[in-house]
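Any read-out appearing in this document is the output of simple, stated calculations on the displayed coordinates, not a laboratory observation. Here the structure is a predicted model, which is why all the values come from computation and not from measurement. Reconstructed Cβ throughout: ideal geometry from the backbone, glycine too, with neighbour counts over all protein chains shown.
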Amino acid sequence: MSVSIRGLGHSYGELRTIDRLDLEASEHEAIGLVGPSGCGKSTLLELVCGLLEPGAGTLSVAGESGGRLGRCAYMPQRDLLLPWYSALDNAALALRNRGLGRTEARARAAALFERFGLAGFERAAPAELSGGMRQRVAFLGTLVAGKPLLALDEPFAALDAITRAEMQEWLAGALGTDPRTVLLVTHDVEEALYLSDRVMVLSARPARIVAELRAPHPRAADRDAAVTDPAFVAIREQALHALRRR
Amino acid sequence: MRRWLLPTLLLAALLGAWQLAASTGLMATFFGVPDFLVPSPAEIASSLWENRSLLAENAWVTLREILFGFACAVVVGLGFAVAMHLSETMRYATYPLVVASQTIPILVIAPILIIWFGFGILPKLFIIALVCFFPIVVATLDGLRSVDPAAIKMLRTLDASRWQMFRRLEAPTALPFAFSGAKIAAAIAPIGAVFAEWAGSSAGLGWLIQQDSGLYETARQFATVAVLSAIALGLFGLIALIERRVVTWR
């Protein structure tokens, strides 16, 4: 198991955010997590990444519960590129943090720019890039970090609908060539069902899993065909129903 | 264009009105004092020219005090801000003292410092640094604390150590704030210098103002103030220039 969560509980003071949650993800599996606002989805990701420690239950990434920070890459909703660094230096941040020299780190990150459709923008400042490009640079940075688990917290929420669809298709392709275990938190049921192998519907706070759905066409090459397929639409309705009932 | 034209026009209008009011004797009548105590801008300008070597000599003394005092304030201020940011104990322990340091009346402490350290440059540095370090500490500390918590999380999963977090995220975030603090400090540094010189000195623009007060040399006093303002403007401009060079991402 790449990710194993058993009986997980967490609270901020009196406020219980997560209650007896179980979740398993095998290697290179993508799990979508959808749920109402403020249900503790983001807290769950922070727990998995090792940014928070659980109050109850056990939690392991790649077989170990310690050192999770070193095995997870966290990508928040806003791209959070550092404005004082170029696109390339932002992408190379994790390598630099690990003690690689500037030239070596830049060279390694630069090798991926073409594949990510970012060729020619290596020296651009983050403010000069479009929302989709910034998100790709941020994603490139997390991939270059070489972590086995990607924790994506509503990665495309800040983008417009068209760009979001393009980015979903692009991410599907990127995960095809460079597979990772993924935990994807999103508000968007369609996004979760398209990008994930399985989708967990979470209850309102404290978060528990109320439904588990298997996606019919995970990361299909033709996104438009996949999301309009009757099987996909049926499961999407099922998920929305579970969300409303919760 | 507008950046230079507008302040120039405003200044010209103010000086024009002053010139008119002073040269017609209107101001002197209004204040109920003899004419020679109310210099017109033209008289101040000629005093500026006639006393240029005297003013330059004393300006150099004051400029040195301001530059060194300001430099001390930057070093100590940044040091304090970083220490207060990194250590909660340090912050809780020193923040009230840092604020309290600003309530020390300079008029009271300056003569004491002169008694302790003599007539040299040291007590002046201390007083200028005392007034300048406060805005630098407060602004820089606010900057360090304004770091986006989500960015901290992201950098932690990107394997940043404490030092790397500081160097790559916190320090650049705080930099524009620190510059704001330094600009405020630059504008008030000459006030500190004048008070310090009044408490005991034998040269400097503050000293000159004090001498001229007894001599009723009001025109030269205004000329001296003009030089003092020019020093503050120059220091402010220099910092703004450095800021534009360093903070390129804004």
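Report ³J(HN,Hα) in whole Hz for each residue of segment B:143-158, in order, from the Karplus equation J = 6.51 cos²θ - 1.76 cosθ + 1.60 where θ = phi - 60°; Gly and Pro get x.
Values per residue, Gly and Pro as x: x, 5, 8, 8, 4, 5, x, 5, 5, 5, 4, 4, 5, 5, 6, 8 Hz.
Between segment A:12-77 and segment B:135-212, what is the separation of their alpha carbon centroids in Å?
So the two Cα centres are separated by 40 Å.
In what sequence do A:241, A:217, A:10 fall when counting other Cβ within 10 Å, fewest first?
Values: A:241 12, A:217 18, A:10 24.
Listing A:241, A:217, A:10 from fewest to most nearby Cβ atoms yields A:241, A:217, A:10.
Can you give the FRET efficiency to the nearest 0.05 for residue B:240 and residue A:245, using r as the Cβ-Cβ distance and R₀ = 51 Å? It would help to have the intermediate numbers written out before the result.
On the way: r = 60 Å, r/R0 = 1.17.
Efficiency computed from Cβ-Cβ geometry: 0.30.
Going Cα to Cα from residue B:183, which lysines come in below 29 Å? Please leave out same-chain ones fewer than 8 positions away.
Straight-line reach from residue B:183, under 29 Å: B:124.
What net charge is computed for the residues neighbouring residue A:135, neighbours being all others with C-beta under 10 Å from the C-beta of residue A:135, Lys and Arg scored +1, Asp and Glu -1?
Numbers: positive: A:78, A:134, A:136, A:164; negative: A:79.
Result for the local shell: +3.
In nm, to one decimal, how far is the modelled label at residue B:102 from the one at residue B:162, with both set 7 Å along Cα→Cβ?
2.9
Measure nothing fancy, just the Cα-based angle from helix A:230-245's long axis to the longest principal axis of chain A, in degrees from 0 to 90, nearest 10.
Roughly 60 degrees between the two axes.
Show which aspartates and glutamates lie in cross-link reach of residue B:153 when reach means a straight Cα distance below 16 angstrom and same-chain residues fewer than eight apart are skipped.
Straight-line reach from residue B:153, under 16 Å: A:46, A:53, A:79, A:153, A:154, B:170.
If each of residue A:210 and residue A:15 carries a label point 7 Å out from its Cα toward its Cβ, how far apart are those two points in nm?
Roughly 2.0 nm, to one decimal.
With r defined as the distance between the Cβ atoms of residue B:122 and residue A:98 and R0 fixed at 41 Å, what FRET efficiency is calculated, to the nearest 0.05? All intermediate terms of the calculation are to be shown ahead of the outcome.
Values: r = 48 Å, r/R0 = 1.16.
E between residue B:122 and residue A:98, to the nearest 0.05, is 0.30.
Starting from the 7 Å offset along Cα-to-Cβ, what nm value, one decimal, do you get for the label separation of residue A:177 and residue A:158?
Spacing of the two 7 Å Cα→Cβ label points: 2.5 nm.
Place a point 7 Å from Cα of residue A:125 in the direction of its Cβ. Which residues in segment A:81-109 have their backbone N less than 20 Å from it?
In segment A:81-109, the label zone of residue A:125 (backbone N under 20 Å from the point 7 Å along Cα→Cβ) covers A:81-93.
Whole-Hz Karplus ³J(HN,Hα) for segment B:119-126, in order, using 6.51 cos²θ - 1.76 cosθ + 1.60 and θ = phi - 60°, x for Gly and Pro?
So the Karplus estimates, Gly and Pro as x, are 8, x, 7, 4, x, 5, 4, 4 Hz.
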